[in-house]
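The values are calculated or read from the model by the stated rules, or taken from the named source; none is laboratory data. Treat the numbers as computed from the prediction; the structure is a model and nothing was measured. Using ideal geometry, Cβ is built from the backbone for each residue, glycine included, and neighbour counts are taken over all protein chains shown.
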Amino acid sequence: MTEILLDAKCLQVVQHFQPLFSSQPVRRLTSFLKIIGSYGAIKYIDADVIDAASLGSANLFISTTRIQQWPYKDEEINSIHDFVASGGSLLLMSNHSRYPSSPSAGHHTEQDGRLARAFQI
């Protein structure tokens with residue numbers, strides 16, 4: 001069976017389960033999770049550091065806009081790169097910045113860009 005890892009420190013996952021910006025969950029991922037779940041078992045990876053051990057025997061790692069408060073560490077990017085180089089798959093989904101002129105809002109794509117650059121994207 002396919003093992004799918006979903007990064008729990010990503011904006012869309014947090015909004016789906018533990019909303020940051022509203023009092024109720026925003027169930028944006030319902031259809032996506034149903035479709036992805038039809039291909040295998042979904043596990044949520046909420047490790048302090050994403051490394052070879054936490055990626056384990058997964059086939060697919062999904063990142064849906066990494067939150068600025070939890071930036072990717074260099075060793076995590078290296079581990080994800082090694083995971084893909086060893087035959088794993090990566091689905092990187094990025095979100096636009098909601099408030100580009102607000103410095104406190106941060107730029108939602110910054111962490112996604114760091115990960116994408118590891119793959120020369």
How many of the residues making up the range 39-65 are more than 14 Å from residue 90 (Cα to Cα), assigned to a loop (DSSP other than H, G, I, E, B) and among the aliphatic types (A, V, I, L, M)?
-> 2
Where residue 67 falls short, out of the listed (1) of a type in the set (A, V, I, L, M, F, W, C); (2) surrounded by 14 or more Cβ atoms within 10 Å (Cβ to Cβ); (3) modelled with pLDDT of 85 or more; (4) within 25 Å of residue 121 (Cα to Cα) = (3)
Can you tell me which residues in the range 71-80 are part of a helix (DSSP H, G or I) and surrounded by 15 or more Cβ atoms within 10 Å (Cβ to Cβ)?
-> 76, 77, 78, 79, 80
Could we say that residue 36 is surrounded by 15 or more Cβ atoms within 10 Å (Cβ to Cβ), at pLDDT 85 or above, more than 17 Å from residue 121 (Cβ to Cβ) and in contact with a strand residue (DSSP E or B) (Cβ under 8 Å, 6 or more places away or on another chain) here?
-> yes
Out of all the residues in the range 94-112, is one or more surrounded by 15 or more Cβ atoms within 10 Å (Cβ to Cβ), at pLDDT 95 or above and at negative phi?
-> no
Hey, residue 87 hits all of (1) closer than 21 Å to residue 110 by Cα; (2) assigned to a loop (DSSP other than H, G, I, E, B) but one; which does it fall short on?
-> (1)
